[in-house]
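Reading through the structure tokens given below for one structure.
Laboratory data are not the source of any read-out in this text; all were calculated from the coordinates shown. All of these numbers come straight from a predicted model, not from anything done at the bench. Note: ideal-geometry Cβ built from the backbone for every residue, glycine included; neighbour counts use all protein chains shown.
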Amino acid sequence: MKITRVEAIHLRLPEVNERCDGSQETLVVKVHTDAGLVGVGEVDSSSLVARAIIEAPLSHKICRGLAECVAGEDPFEIDRLIHRMYEGSIFFGRQGAAIQAMSGIEIALWDIVGKATKRPVYQLLGGGFRKTFRAYASILFGDTPAETERIGRSLAGQGFRAVKFGWGPMGQSEESDIAHVKAARRGIGDGIELMVDAGLCWDTATAIRRAQQFEQFNLTWLEEPLHPDNVEGYGRLSARSPMRIAAGEEVCDIKEFQRLMDVGGIDVAQVDVTRVGGLSRSKRIGYDAAERHRLCVNHSYKTGVNIAASLHFVACLPNTHYFEYCVEQGALRQTLTRQRFPVVGGEIAVPEEPGLGVELDEAVVAKYRVG
Ligand SMILES: [Mg+2]
């Protein structure tokens, strides 16, 4: 089997705003083969930038578009193709958007191999540690504590056993920060796990103070209280925090994840399969975390393609039972794939169909496609 074509499809809602909701637009990747099998992947990046990285023509040996790196190759040789893409993009890659773009192709390759062998991707990756995960409802804080409390009550009523609030008003003031987390806990009640995603809003000293102030609300973890470049600050915070510190969703590089754990001391490594270069690299990071006796969880704020790929990823890990399950409402997230990934009794199931186990709704693709 040979790869014949890579298609990078930019999808975008008619209105996009500054809210930190990554599913307002996305880049879906289709890898076509001469056997008629088509693999699907997704990229969490600036979609137009990632599309250009995939489609760019050859400039020279180590400056080439990713599609050109895999054209004519055997889709089963995934590690070799990751290497070809990484080496072919050295001039502009190694970090950031080039690695994010690589994710879409790499995930699509796994989808092809799964479909060809009639196996779910998690089995091909050697996984199957768990078949269901505790889906934690992931949502942005309300604009006011009262709204946060109302959202929390609603999510608890839907049967979630864990809820994470993030971004929005965090960082406005000490009084407001505490009021929102207090309202979140009041809304969901005491029997449900609570996580807080601070959204990079504090300096190190403030983050240490907030971690101590939030201890009374029994958080499962405090996420991204600091700027991703502040690895030394993460180290000081982790040493003094009474709760787990989680981070990593902006990180694309394997060694940077190691540094976040070894210097930053984080307890929970958050890996986005559509940012770190795909499933193989995600698994490497997950095992780096396992060897350090840390948790590794998915970051997932895109569409059903990302959800499916993330489920296959966490099914390969011995060190998690959580799954980030975004409950923000959006047309691409809710309708792009025919699969809806229902949460039953607070749990989400890993797909058992061949490949990723997702099918795109082509009418939705046509509706939101740009360019
Ligand atoms: Mg986050």
With T = 20 °C, eta = 1.002 mPa s and Kirkwood Rh from C-alpha pairs, the Stokes-Einstein D of region 28-183 in µm²/s is about 115 µm²/s
GluC sites (Glu not before Pro) lying in DSSP loop within region 37-145, provided at most 16 other Cβ fall within 10 Å: Glu73, Glu77
Rounded to the nearest 500 deg cm²/dmol, what is the calculated helix-only ellipticity per residue at 222 nm for the chain, with -39500 (n - 2.57) per DSSP H run of length n ≥ 4? -11500 deg cm²/dmol
Other residues with Cβ under 11 Å from the Cβ of Ser282 give, with Lys and Arg +1 and Asp and Glu -1, a net charge of +1
Using 0.36 nm per residue, how much length does the chain from Leu58 to Ala71 gain when fully extended, once their Cα-Cα distance is taken away? 3.5 nm
Strictly over 21 Å apart at the Cα level, which of Lys2/Lys367; Lys131/Lys283; Lys255/Lys302; Lys255/Lys283; Lys2/Lys118; Lys30/Lys302 would you flag in this model? Lys2/Lys367; Lys255/Lys302
Looking at the square roots a ≥ b ≥ c of the eigenvalues of the Cα gyration tensor of region 115-178, which shape do they give, rounded for a/c under 1.5, prolate if a/b is larger than b/c, or oblate? prolate
Counting DSSP beta bridges in the chain, what percent are antiparallel, to the nearest 5? 45 percent
When a/c reaches 1.5 or more, the comparison of a/b and b/c decides; with that in mind, is region 13-69 rounded, prolate or oblate per its Cα gyration tensor? oblate
Given 10 °C, 1.306 mPa s and a Kirkwood radius over Cα pairs, the Stokes-Einstein diffusion coefficient of the chain in µm²/s is 77 µm²/s
Ranked on Cβ counts within 10 Å of their own Cβ, fewest leading, Tyr301, Tyr234 go Tyr301, Tyr234
Region 40-148: trypsin sites (Lys or Arg not before Pro) in DSSP coil with no more than 10 other Cβ atoms inside 10 Å: Lys61, Lys118
Take the alpha carbon atoms of region 153-198, find their center, do the same for region 293-371, and report the distance between the two centers in whole angstrom. 23 Å
Nearest-0.05 FRET efficiency for Phe129 and Val344, computed from C-beta distance (R0 25 Å): 0.80
Expressed in angstrom and rounded, the centroid-to-centroid distance over alpha carbons for region 1-43 and region 202-264 is 32 Å
Ranking request for peptides 350-360, 279-289: highest mean number of other beta-carbon atoms within 10 Å first, then the rest in descending order. 279-289, 350-360
